[in-house]
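Read-outs throughout are calculated quantities, based only on the coordinates presented, and are distinct from any laboratory measurement. None of these values were measured; they are calculated from a predicted model. In this analysis, Cβ positions are derived from the backbone assuming ideal geometry, glycine residues included, and neighbour counts consider all displayed protein chains.
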Amino acid sequence: MTAVRKKISRRRTPLQWLFEAPSIGKMAPGTAVFVYGLLLFWTLVVLFPLYWVLITSFKTALDVNNGPVFLPWVDFTPSLHAWRELLVIDYEDTLRSYINSIVIATLSTALCVAVGSMAAYALARITYKPKFGNILLFVLAMLGGCYVVWKAGVDWKIAMTAAFAIWFFLLKSVGRFFKKSVGNGDILFWMISQRILPPIVTVVPIYMMFQNLKMLDTHLALILTYTVVNLPIVVWLLYDFISGIPIELEESAQLDGASRFRTFWEIVLPLAKPGLAATTLLVLILAWNEYILAVFLSTSNAQTIPILVAAMNAGERGILWWSMCVVIIIMIIPVVFMAILLQRFISKGVLLGAVKG
């Protein structure tokens, strides 16, 4: 058999050897050259903007104004003046903004994923049928409390407590007469619909709320806002992953005496690691790059990196490309580090989402 294969392989013409695969699972030499050449070209296209940003951070104003040059020590002489200006001369503003971004993005992402994962598990495993009239009563009671705070100047704690008490009384008295209810699908759609509105629509009432609470320009205000804004994305993505986990595993654990929270912590979360990793990275990027909410809710103490970049664009000397490139490089380092750290989980999560259903 081996001799016959060798004889057949000798009969292959150069064209066949170049374009016909030698065996199943292997590419022909010509195909391999084309595929890997195309991948290499696309890799250069994707990485070139990052390379341009990196070399621009080492250019002087004269090198930037002289036109596009790309080879250090050949087209231009690298300089550290932009790095020195941001990291030595203006290090206080840069360091404060950088630390603020790390703290706010990390804590809001952790809180968002923690709450969102439990909400997604609850929607995937527990059947809810709240009555629509009770929900409407709750919304009206809360709106009435806000109106009293706004018009009468009543303390918000007293007003909200009174509004909640009124809602509870109405729930017990007239709540049984409501018949129409909503399901898990309605709740899930309502949550993701909150992302339909652009942030600029909701930022004014959010600003007024934190102004009344004396929480403007604080880390807590941005952390809570980022958490609420990104929570629908976490619930929507993790709901899909958790729904794909066999429920028989949880039923077996519950038969052995495990509580629902223990089942969620020890069975569901480990199996949902790919989805958790992909969702965490996405939410971290959204929180890290958030600008509209940060520009309204922070001034100096809670200023983040995007605000620093915007301030550089609006400077009296115009756009300083070399300095901005330094800030961009500093901005992408944590995200790249997180992507490398979660790479194996993210690849599994993408594949699971691709073949589901």
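The table that follows gives values for the structure above.
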{"quantity": "Estimated inter-spin distance, Asn289 and Lys180, nm [label 7 Å along Cα→Cβ]", "calculated": "4.0 nm"}
{"quantity": "Point-to-point label distance, Trp156-Leu213, nm (Cα→Cβ direction, 7 Å offset)", "calculated": "0.5 nm"}
{"quantity": "Descending Cα extents along the principal axes, the stretch 140-194, whole Å", "calculated": "39, 30, 14"}
{"quantity": "Zone residues, the stretch 195-224, relative to Asn301, backbone N less than 11 Å from point 7 Å out along Cα-to-Cβ", "calculated": "214-221"}
{"quantity": "Extension gain from Asp240 to Leu197, taking 0.36 nm per residue of separation minus the Cα-Cα distance", "calculated": "13.2 nm"}
{"quantity": "Span-like helix ranges in the chain, DSSP H, alpha carbon extent 27 angstrom or more, Kyte mean at least 0.5", "calculated": "29-56, 91-125, 132-152, 219-243, 321-341"}
{"quantity": "For Ser181, residues with placed amide H under 5 Å, excluding near neighbours", "calculated": "Phe132"}
{"quantity": "Shape of the chain, Cα gyration tensor, a/c cut at 1.5", "calculated": "oblate"}
{"quantity": "Shape metrics for the stretch 63-147, restricted to C-alpha atoms - Rg then Dmax, Å", "calculated": "26.5, 73"}
{"quantity": "Exceeding the 24 Å Cα-Cα cut-off - candidates Lys157/Lys214; Lys26/Lys273; Lys131/Lys172; Lys151/Lys214", "calculated": "Lys26/Lys273"}
{"quantity": "Most to least packed among 293-299, 329-335 [average Cβ atoms within 10 Å]", "calculated": "293-299, 329-335"}
{"quantity": "Which of Cys325, Cys146 has the fewest Cβ neighbours within 10 Å, and the rest in rising order", "calculated": "Cys146, Cys325"}
{"quantity": "Within a Gaussian network of the chain (alpha carbon springs, distance under 10 Å), most fluctuating of Ile233, Ile192, Ile104", "calculated": "Ile192"}
{"quantity": "Mean ellipticity per residue at 222 nm, deg cm²/dmol - from DSSP H runs of n ≥ 4 across the chain, formula -39500 (n - 2.57)", "calculated": "-23000 deg cm²/dmol"}
